[in-house]
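Peer 1: Sharing a structure below in structure tokens format, with a few things to ask.
The values are calculated or read from the model by the stated rules, or taken from the named source; none is laboratory data. Remember, it's a predicted structure, so these values are computed and weren't measured experimentally. As a convention, Cβ positions derive from the backbone with ideal geometry for all residues, glycine included, and neighbour counts pool all protein chains shown. Surface areas here come from the heavy atoms of the whole protein model, side chains and all, with no ligands, DNA or RNA. Shrake-Rupley method; radii C 1.70, N 1.55, O 1.52, S 1.80 Å.
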Amino acid sequence: MSQPVPNGSESESAPSARLLPGGPVAERILADVAERVAALTRRGVTPSLATVLVGDDDASAGYIRIKQRQAAELGFASPHEHLPASATQADLHAVITAFNDDPAVHGLLVQHPVPKHLDYDRALQVMDPDKDVDGMHPLNIGRLALELPGPLPCTPAGIEALLAFHDIPVSGREVVVLGRGATLGRPLSILLAQKRPTANAAVTVVHTGVADWPRYTLRADVLVAAAGVPGIVQPEHVKPGAVVIGGGVRYEGRRLLPDVDESCARVAGAITPRVGGVGPTTVAMLFRNAITAAERATGPLAGEGPR
Ligand SMILES: NC(=O)c1ccc[n+]([C@@H]2O[C@H](COP(=O)([O-])OP(=O)(O)OC[C@H]3O[C@@H](n4cnc5c(N)ncnc54)[C@H](OP(=O)(O)O)[C@@H]3O)[C@@H](O)[C@H]2O)c1
């Protein structure tokens, strides 16, 4: 399942970390989603994930295409609204409201980021929380904090699944998250501290307010980079043998710049690959949220309990 990182130009004797690809994790999640899609389809319901794109950002359009292709492969309908870059906040809210009110639409996402003159957070609050497949609506973050059922934020949930898939226990161990952003660091810290066999960790969150953050990362059994600062995590920040998860990335055009410098593989015991680590699990979790939303909206079969 996991392979060692090639030594490359580094010393031949340098230890190399086990790789933790996200692809096989995503495949397993998506196989389950596909079965659940088939079950709903047999009941005459086509699950539907609607997408909204505002403006002409190439990267955002690319992400939407990937999600639509995946939706089609899984058997989801994927109605789409593309608003011009000049769209107003009211235009965006109108599109979201129309999808909220459409009973044939079970899941909904607004591609982030939206043009600067629009307020993504306000738009998110207009969305029906039960259709929020990103798991980022304030009500869903509240559900996460209170351990109530609801869609989980995709990247944090994907990281928990990735660790579990690769048999990396976090229960009782020290996890340090570098970054407290709303998308990744903050919800991940809540998730991994919850009382569950695949979580239950001692979680510490560090950020720009903790100038000596390497003091914390150096004692982490599992270090998650969630800063969005290319190369911020270097080998000297990693405890030998620790697990390093690269969540934070920045794009310069099409070039992906990860938080975790590749040389960390010399020190880490296991590490996500530069490409194909956390990303595929994020997309898989989106579809898991979407099929769960479709099942909830459709209701249980006679004799079935709630999921
Ligand atoms: N792989 C994926 O599928 C995926 C999905 C979603 C997001 N992401 C990535 O995850 C990253 C985090 O996203 P986000 O929206 O949660 O984050 P965000 O809101 O951009 O926050 C970044 C966090 O990193 C901290 N930080 C930045 N520079 C730092 C420094 N020099 N030293 C210490 N801490 C520093 C910030 O600290 P302060 O709070 O003190 O400012 C902040 O808490 C981004 O790179 C994003 O692209 C990846």
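Peer 1: Just name one of T282, A104, T217: the one whose Cα is farthest towards the positive end of the charge dipole of the chain (beta-carbon charges, Lys/Arg +1, Asp/Glu -1).
Peer 2: T217
Peer 1: Relative to the present Cα-Cα distance, how much length would full extension add between T208 and A72 at 0.36 nm per residue of separation? Present the calculation step by step, with values, prior to reporting the outcome.
Peer 2: Working: separation 136, 0.36 × 136 = 48.96 nm, distance 4.14 nm.
Length gained, T208 through A72: 44.8 nm.
Peer 1: Order D259, D56, most accessible first, counting only protein heavy atoms with a 1.4 angstrom probe.
Peer 2: Reading off the accessible areas and sorting them downward yields D56, D259.
Peer 1: Once the Cα atoms of the range 68-161 are picked out, what are the Rg and Dmax in Å?
Peer 2: So, for the range 68-161, Rg and Dmax equal 13.9, 39 Å respectively.
Peer 1: In whole Hz, what ³J(HN,Hα) sequence does the range 139-151 give by Karplus (6.51, -1.76, 1.60; θ = phi - 60°), x for Gly and Pro?
Peer 2: 5, 6, 5, x, 4, 4, 5, 9, 6, 9, x, x, x
Peer 1: Same structure, new question: Ordering I168, I141 by accessible area with a probe of 1.4 Å, largest first, what comes out? Spell out each step's value before the answer.
Peer 2: Numbers: I168 15, I141 50 Å².
Result of the area sort, largest leading: I141, I168.
Peer 1: Then there's this: What percent does the relative contact order of the range 207-254 come to when contacts are Cα pairs within less than 8 Å and at least six residues apart? If you can, show how the numbers build up before the last one.
Peer 2: Working: 54 pairs, mean separation 19.6, N = 48.
Worked out over the range 207-254, it gives 41 percent.
Peer 1: Something else: Roughly how many percent of the accessible protein surface of the chain is carbon and sulfur, given a 1.4 Å probe and a whole-percent answer?
Peer 2: Numbers: 7830 of 14390 Å².
Carbon-and-sulfur percentage of accessible area, whole number: 54.
Peer 1: Sticking with this structure for a sec: With a cut-off of at most 15 other beta carbons within 10 Å, and DSSP calling the residue loop, which GluC sites (Glu not before Pro) in the range 144-187 qualify? Please list them.
Peer 2: Working: sites: E147, E160, E174; in loops: E147.
Hits after loop and neighbour filter: E147.
Peer 1: Taking Cα pairs under 8 Å and at least six residues apart, what relative contact order does the chain come out at, in percent? It would help to have the intermediate numbers written out before the result.
Peer 2: Numbers: 602 pairs, mean separation 65.2, N = 307.
Once normalised by length, the contact order is 21 percent.
Peer 1: Specify the inter-centroid distance of the range 94-155 and the range 17-76, based on alpha-carbon positions, in whole Å.
Peer 2: 17 Å
Peer 1: Taking all protein chains together and a probe of 1.4 Å, list H137, H80, H207 from the most accessible to the least accessible.
Peer 2: H80, H207, H137
Peer 1: Which angle from 0 to 90°, rounded to the nearest 10, does the C-alpha axis of helix 278-298 make with the longest principal axis of the chain?
Peer 2: 30 degrees
Peer 1: Accessible area per residue of the range 209-306 at 1.4 Å probe, in Å²?
Peer 2: Numbers: 4350 Å² over 98 residues.
Accessible area per residue: 44 Å².
Peer 1: Right, another one. Can you quote the Å³ per residue value for the convex hull of the Cα atoms in the chain, rounded to an integer? Before the final figure, lay out each step's value.
Peer 2: Details: hull volume 41.9 nm³, N = 307.
Spelled out: Cα convex hull of the chain, divided by residues, is 137 Å³.
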